[in-house]
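Heads up: the structure comes next, in structure tokens.
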Amino acid sequence: MTQPPKILYIEDDPASGKLIERMLTHAGYRVLLANRGLLGIDIARSEFPDLILTDINLPDMSGYEVATALRAEERFAGVPIVALTALGPGAQDMAMAAGITGFLSKPVDIEQLITQIQYYLQGGQDTIDSERLFSAQVKYTREVVSRLEGRIRALEEANDALKKLDNMKETFIQVTAHELRTPLTLIYGYSRLLEDHPTVNKMAEYDQSVKMLVESLSDSIARMQRVIEEILIISRIMTKQIDLALSPTNLSQLVARVLESYEEAFEQRKLTVHFDPAQWPRQTQLDSELIRIVMSNLISNAIKYTPDGGQIYLRAQTTSDQVMFSVRDTGIGIDVENQKRIFEQFGSLGDVKLHSTSKTAFGGGGLGLGLPVCKGIVEAHGGKIWVESQGRDPETCPGSQFIVTLPLVVQRPRPMLTRLSK
């Protein structure tokens with residue numbers, strides 16, 4: 001069965017759009033509607049209509065610009081583009097200069113509309129004398145150049161404003177981090193004095209609440225330090241200024257040290273860790289401190305989303321020029337639709353009711369900075385990071401696997417990144 005001709009009508013006035021749609025549908029055509037020029041261009045590219053009918057005055061661009069954009073693509077060379085507008089004769093010349101096939105005036109005469117649509121579909125084309133056409137083309141070209149210059153200037157101004165905003169944001173974050181770190185360093189010092197004070201130690205022997213209070217204070221300071229560090233790194237990632245301090249790095253030892261820092265959590269949560277140091281390269285050229293943050297965040301996530309008694313596997317494979325390693329758990333998994341979102345800033349999937357900055361509480365969500373930080377650090381090294389999971393199911397626990405590839409030697413170091421003072 002022969003398909004009816006397909007007509008795309010680009011019109012920002014809903015009433016006019018529906019009126020023409022009814023007329024053309026009644027005449028046996030299939031009608032597609034778009035209320036903006038850019039949307040019309042997208043529909044034309046995806047649907048490839050037999051004829052395009054466009055208003056001249058559109059909210060985002062003119063009908064002339066629609067025609068010019070489509071005529072720039074070879075496959076639209078033979079597609080009739082017809083202007084439908086209430087503008088006068090001068091507009092017709094401009095329409096011809098822009099590559100428009102024909103010109104229909106508003107208000108619409110129903111019989112004339114159908115007749116002319118058939119005429120254009122059969123290869124008909126409006127013409128004007130060569131002198132008028134040349135004059136219109138010169139005028140249209142000047143207008144296009146003028147509009148382009150205006151848009152370029154507007155883009156440059158917007159870009160300058162964004163750069164200034166980025167600089168202000170970077171300065172604000174740096175100053176804020178400094179103001180937070182200064183009192184935090186003092187609090188950290190006082191907490192160490194408390195931990196080592198004989199009286200406090202003696203009180204802790206007889207009163208577990210004192211011991212818990214001192215430990216809680218120390219943990220809270222450590223969490224605050226991590227948050228400040230991640231905020232600083234995220235700010236560098238956002239402004240594309242994340243920097244590497246490259247040095248010879250034994251990745252096997254680095255991972256082992258990170259695992260040691262979680263031994264208490266593994267024991268509390270009864271988690272079994274599978275790690276073979278021999279699989280991991282001992283000679284790499286990386287930013288060891290930033291890679292430590294990546295490993296710490298990946299292991300922390302595995303702990304958070306793996307139920308008690310679960311398994312965590314750390315594997316690595318090395319080729320001549322890169323290492324691929326993974327952190328796999330037997331946890332609750334991640335929905336497929338969320339597997340990209342978790343690498344976005346503040347894209348935490350934790351239950352808000354369980355929100356916690358703890359690195360070991362099961363199911364709790366943090367600020368949603370850990371994985372974006374990992375992504376920024378890995379990509380700054382010229383590597384890639386992604387996640388594989390069959391989905392989220394707290395009952396069957398399909399698990400998740402985070403995979404990272406890194407070059408063994410990073411070729412282009414960047415300036416030093418400001419580190420968080422401990």
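Numbers at a glance
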{"item": "Å³ per residue enclosed by the Cα convex hull of region 155-241", "result": "79"}
{"item": "Degrees separating the helix 130-196 axis from the principal Cα axis of the chain, which is the longest one", "result": "10"}
{"item": "Normalised contact order of region 220-346, rounded percent, pairs of Cα under 8 Å and 6 or more residues apart", "result": "23"}
{"item": "Pairwise FRET efficiency - residue 152 versus residue 261, Cβ, R0 = 45 Å, nearest 0.05", "result": "0.30"}
{"item": "Relative contact order of region 299-345, defined on C-alpha pairs under 8 angstrom at six or more residues apart (%)", "result": "36"}
{"item": "Cα→Cβ-extended label distance, 7 Å offset, between residue 162 and residue 272, nm", "result": "5.1"}
{"item": "Candidate aspartates and glutamates - alpha carbon under 16 Å from residue 106, same-chain residues fewer than 8 apart omitted", "result": "11, 12, 13, 21, 55"}
{"item": "Estimated 222 nm signal from helices in the chain, with DSSP H stretches of n ≥ 4 weighted -39500 (n - 2.57), rounded to 500", "result": "-16500 deg cm²/dmol"}
{"item": "Sequence-separation-based contact order of the chain, relative, with Cα cut under 8 Å and 6+ spacing, percent", "result": "11"}
{"item": "Segment residue 138-residue 220, length gained on full extension (0.36 nm per residue, minus Cα span)", "result": "22.5 nm"}
{"item": "Cross-link table 340/384; 304/384; 164/340, entries beyond 25 Å C-alpha to C-alpha", "result": "164/340"}
{"item": "P(r) weight above 29 Å for the chain, C-alpha pairs, percent", "result": "63"}
{"item": "Within the chain, percent of DSSP bridges classed antiparallel, to nearest 5", "result": "50"}
{"item": "Acute angle (nearest 10 degrees) that the helix 37-47 long axis makes with the longest principal axis of the chain, alpha-carbon atoms", "result": "90"}
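All of the numbers you see were taken from the coordinates with simple rules; none came from a lab. Note that the structure is a prediction, hence the values are computed from the model and not measured. Cβ coordinates were reconstructed from backbone atoms using ideal geometry, including for glycine residues, and neighbour counts include every protein chain displayed.
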